[in-house]
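Any read-out appearing in this document is the output of simple, stated calculations on the displayed coordinates, not a laboratory observation. All values derive from a computational prediction rather than experimental measurement. Ideal geometry is used to build each Cβ from the backbone, glycine not excepted, and the neighbour counts take in all protein chains shown.
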Ligand SMILES: *Cc1c(COP(=O)(O)O)cnc(C)c1O
């Protein structure tokens, strides 16, 4: 057959719809998904014929593709997956993992009416932020607090409210970029403030800040270096000194803390980040940090500090554009409640729990994964893949603690019948997807971020990917 005849021999959309398979699909998938799947599959075949490949033209030969596409079109695009990268605060994989109890509270609030902006005591309109103010002030020791959409929004609204049209002094060592669009100079430009950079990349002194203060200065800004470190001959001005300088010149001092740790992690062998409480105690007037980095809560940006400044920020028109919804507020309040008891926070907030796991616990889980995969592969296991448990290092992610490598254990898979890249791809495209890292021609499954209840699913995914 020539190409024209081949094209003409393709079944029509209607014929496929009326075939037994077509009728069956219309029972299981929305009709529009079935229609689109048929049209797209037919179009692909037409293109293949034009390229000179004329195979598979009957309904029987077409249906597996149509069905797969209809399934894809009618299922959620946003889906859970298994994070085997070991990176706990993985921005691309959804950052924080919330405890079930937090979601129970979100559900109670989302599925009905609530006192979101209603003061039950006074019987009139109340403040949406009141629900998290108390607990935030209690935990951080600050006078007042607000929550906005994320930390980027927090920085933007603080700068806009306190320094638009004026100068903000920042060290050259802190003009950071955090993943693409958040760059301090750009955020400052967007807020209408003028960046007055001082010092050098590696060293900034108190006298650099002081020398730059003029009548135009509105704010002194400190930014956490987050995802990078300057090492060697370095120097930065501490938060106490900077706060004192601000007081001397009656200028507010703001610290974009990025991750915002509420618990001192030093006793866990993790290099010390200043906690939010320490920054507040040092006299910094305003602190901003993320809700879904080390805090382990929902996406959000916390602004905490002096009451007078917080009130000025709360009145800024951007607040309305950046405000959080009731789901976020419910999740925030429920997450923050854990911090009223630090032990509870460390044991029950998945982010902290995963970061603070003991090496023995990680080794045990990696062993279980490796032996379960061997078991699942059966007698021919040794011909399909070799599995080993080894020590490795994982990173916290989320711009938090970049210099700290957490000792971990991985199940290292060496596939013998397919390339490691192919294995990685199969796992990534599976259901549920499994995201792992490749190193030295091995696929590493890091026990740190694999939850115990996911092991069975993970093992089946690895088995299927190796055996396919
Ligand atoms: C992560 C980070 C931000 C951005 O926070 P989001 O909550 O992702 O908007 C801003 N500043 C610093 C220093 C950060 O580490």
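Any chance you could give the angle, 0 to 90 degrees and rounded to 10, that helix 326-338 forms with the longest Cα principal axis of the chain? Between the helix axis and the principal axis of the chain, the angle is about 70 degrees. In the range 301-392, Cα pairs under 8 Å separated by at least six residues give a relative contact order of 12 percent.
Looking at the square roots a ≥ b ≥ c of the eigenvalues of the Cα gyration tensor of the range 268-325, which shape do they give, rounded for a/c under 1.5, prolate if a/b is larger than b/c, or oblate? Please list the in-between numbers first.
Details: a/c = 4.25, a/b = 1.43, b/c = 2.97.
Verdict is oblate for the range 268-325.
Taking only alpha carbon atoms, the range 324-397 gives an Rg to Rh ratio of 1.21, where Rh is the Kirkwood radius.
With a ≥ b ≥ c the root eigenvalues of the C-alpha gyration tensor of the range 229-317, is it rounded (a/c under 1.5), prolate (a/b larger than b/c) or oblate? Oblate is the answer for the range 229-317, as a/c is 1.5 or above yet b/c matches or exceeds a/b. Between residue 8 and residue 31, the C-beta separation translates, for a Förster distance of 35 Å, into a calculated FRET efficiency of about 0.85. Simple spin-label estimate for residue 207 and residue 177 gives 3.3 nm between the two label positions (7 Å along the Cα-to-Cβ direction from each Cα).
If you take every DSSP beta bridge fully contained in the chain, what fraction is antiparallel? Give it as a percent rounded to 5. Mind showing how you got there, number by number?
Values: 33 of 54 bridges.
Taking every DSSP beta bridge within the chain, about 60 percent pair in antiparallel fashion.
Temperature 25 °C, viscosity 0.890 mPa s: under these conditions the Stokes-Einstein estimate for the range 287-378, based on its Kirkwood radius over C-alpha pairs, is 150 µm² per second. Compute log10 of I(q)/I(0) for the range 159-316 with the Debye formula, placing one identical point scatterer on every Cα and leaving out solvent, at q = 0.13, 0.16, 0.19, 0.20 Å⁻¹, to two decimals. Computed log10 I(q)/I(0) values: -0.59, -0.93, -1.37, -1.54.
Using 1/(1 + (r/R0)^6) with R0 = 25 angstrom and r between the beta carbons of residue 316 and residue 194, what's the FRET efficiency to the nearest 0.05?
Values: r = 18 Å, r/R0 = 0.72.
Using R0 = 25 Å, I get an efficiency of 0.85.
P(r) tail, the range 145-213: Cα-Cα pairs separated by more than 14 Å, 61% of all pairs. For the range 246-322, relative contact order (Cα pairs under 8 Å, six or more residues apart, normalised by length) works out to 26 percent.
Both radii were evaluated on the Cα set of the range 1-138; the Rg over Rh quotient, with Rh as the Kirkwood radius, amounts to 1.29.
Work the Kirkwood hydrodynamic radius out for the chain: mean of 1/r over every pair of different alpha-carbon atoms, inverted, in Å. Can you show the working numbers first?
Values: mean 1/r = 0.0388 Å⁻¹.
Result for the chain stands at 25.8 Å.
Expressed per residue, the C-alpha convex hull volume of the range 105-189 stands at 177 Å³. Each residue, residue 453 and residue 379, gets one label point 7 Å from its Cα in the Cβ direction; the gap between the two is 3.7 nm.
Can you tell me which of 415-422, 198-205, 228-235 comes out highest on packing, and rank the rest after it, using the mean Cβ neighbours within 10 Å?
Details: 415-422: 14.1, 198-205: 17.0, 228-235: 10.4.
Sorting 415-422, 198-205, 228-235 by mean packing, highest first, produces 198-205, 415-422, 228-235.
From the P(r) of the range 334-468, can you give the percent of Cα pairs sitting at distances over 22 Å? In whole percent, the long-distance tail amounts to 41.
Based on the mean of other beta carbon atoms within 10 Å per residue, what is the order of 99-109, 325-335, most packed first? Don't jump to the answer; show the numbers that get you there.
Working: 99-109: 15.7, 325-335: 21.2.
Ranking, from highest mean packing down: 325-335, 99-109.
Hey, could you get me the Stokes-Einstein D for the range 200-250, Kirkwood radius over alpha-carbon pairs, 4 °C and 1.567 mPa s, rounded to whole µm² s⁻¹? Walk me through the intermediate numbers first.
Values: Rh = 12.2 Å.
Calculated translational D: 106 µm²/s.
Taking the centroid of alpha carbons for each part, the range 10-88 and the range 201-252 are 59 Å apart. Compared with the dominant principal axis of the Cα atoms in the chain, helix 455-467 is inclined by about 50°.
Relative to the longest principal axis of the Cα atoms of the chain, the long axis of helix 59-73 makes an angle of roughly 10 degrees.
Here the gap between residue 327 and residue 127, fully extended at 0.36 nm per residue and compared with their Cα-Cα distance, gives a gain of 70.4 nm.
Take every pair of alpha-carbon atoms less than 8 Å apart whose residues are at least six positions apart; their mean separation over the length of the range 199-258 yields a relative contact order of 49 percent. Relative to one another, the C-alpha centroids of the range 332-392 and the range 408-433 are positioned 18 Å apart. Annotation for residue 229 and residue 244: the two label points, set 7 Å from Cα along the Cα-Cβ direction, are 2.7 nm apart.
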